[in-house]
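The values are calculated or read from the model by the stated rules, or taken from the named source; none is laboratory data. Just so it is clear, the structure is predicted and the values come from calculations on it, not from any experiment. Here the Cβ positions follow ideal geometry from the backbone for every residue, glycine too, while neighbour counts run over all protein chains shown.
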Amino acid sequence: MTDDLRRRSLLKAMPLLALAGAATPTKAAQQPDDPALAVPSLTLAMHVRVLIGAPQELGMVDGVRKRVIPITGGTVSGPRLSGTILPGGADWQSIRADGTADILARYTIQASDGALISIVNRGYRHGPAPVLARIAKGEMVDPALYYFRTTPRFEVASDGPHAWLGQTIFLCTAARFADHVALDIFAVG
């Protein structure tokens with residue numbers, strides 16, 4: 001099942017890659033002295049499973065529904081990083097009138113070598129109202145039925161083995177489940 005979800009996530013990312021290719025400047029759009037710019041590539045950096053607690057509803061604040069979702073643990077696995085998610089972080093959400101969740105998650109990874117890495121993950125989740133209602137009830141919902149993308153940034157010691165995390169742009173595709181959030185994080189090359 002997890003492999004199936006990962007395949008679907010990758011397939012959903014394919015239109016982004018096609019658009020990136022379509023965005024390559026043409027000779028007519030380029031200045032005569034400008035070289036062609038590189039088209040970014042995506043490389044899977046890690047799979048993350050963030051365990052979450054029950055949402056804490058703050059209510060309406062300045063016309064937007066606010067809530068905090070505690071982060072209670074989790075795992076990180078991938079070709080260049082593995083470790084655990086430490087309890088104590090949270091996902092601060094602002095839910096707009098149209099149902100779009102404006103997400104700001106902040107938590108700490110303890111790498112398998114003991115290094116501590118902070119992650120700040122901003123993004124959006126939205127979709128058809130009936131789909132979002134099913135997610136809110138804790139039902140299993142196919143991630144292809146809604147949009148959930150983030151742009152994680154890592155805060156990490158610049159002189160350690162994980163310094164690359166603080167020097168790379170990342171794009172994430174995600175899925176929300178009753179007790180966790182699944183993230184596939186891609187390095188943008």
Practice task
Keeping to region 72-108, report how many residues are touching a helix residue (DSSP H, G or I) at 6+ places or on another chain (Cβ under 9 Å) and more than 27 Å from residue 61 (Cα to Cα).
Solution key: 2
Handout entry: One residue from 34, 3 being at pLDDT below 95, exposed (fewer than 15 other Cβ atoms within 10 Å of the Cβ) and outside any loop (DSSP other than H, G, I, E, B)
Key = 3
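Restricting to region 165-176, what's the tally of residues that are in contact (Cβ under 8 Å) with a residue 12 or more places away in the chain and more than 17 Å from residue 77 (Cβ to Cβ)?
Number of matching residues: 5.
Quick one: which of 11, 44, 17 is at pLDDT below 80, under 17 Å from residue 149 (Cα atoms) and surrounded by 13 or more Cβ atoms within 10 Å (Cβ to Cβ)?
Working: 11 fails: surrounded by 13 or more Cβ atoms within 10 Å (Cβ to Cβ); 44 fails: at pLDDT below 80.
Step by step, each of 11, 44, 17 is checked, and only 17 is at pLDDT below 80, under 17 Å from residue 149 (Cα atoms) and surrounded by 13 or more Cβ atoms within 10 Å (Cβ to Cβ).
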Problem - Flag for residue 157 being in contact with a helix residue (DSSP H, G or I) (Cβ under 6 Å, 6 or more places away or on another chain) and farther than 25 Å from residue 68 by Cβ - result: no
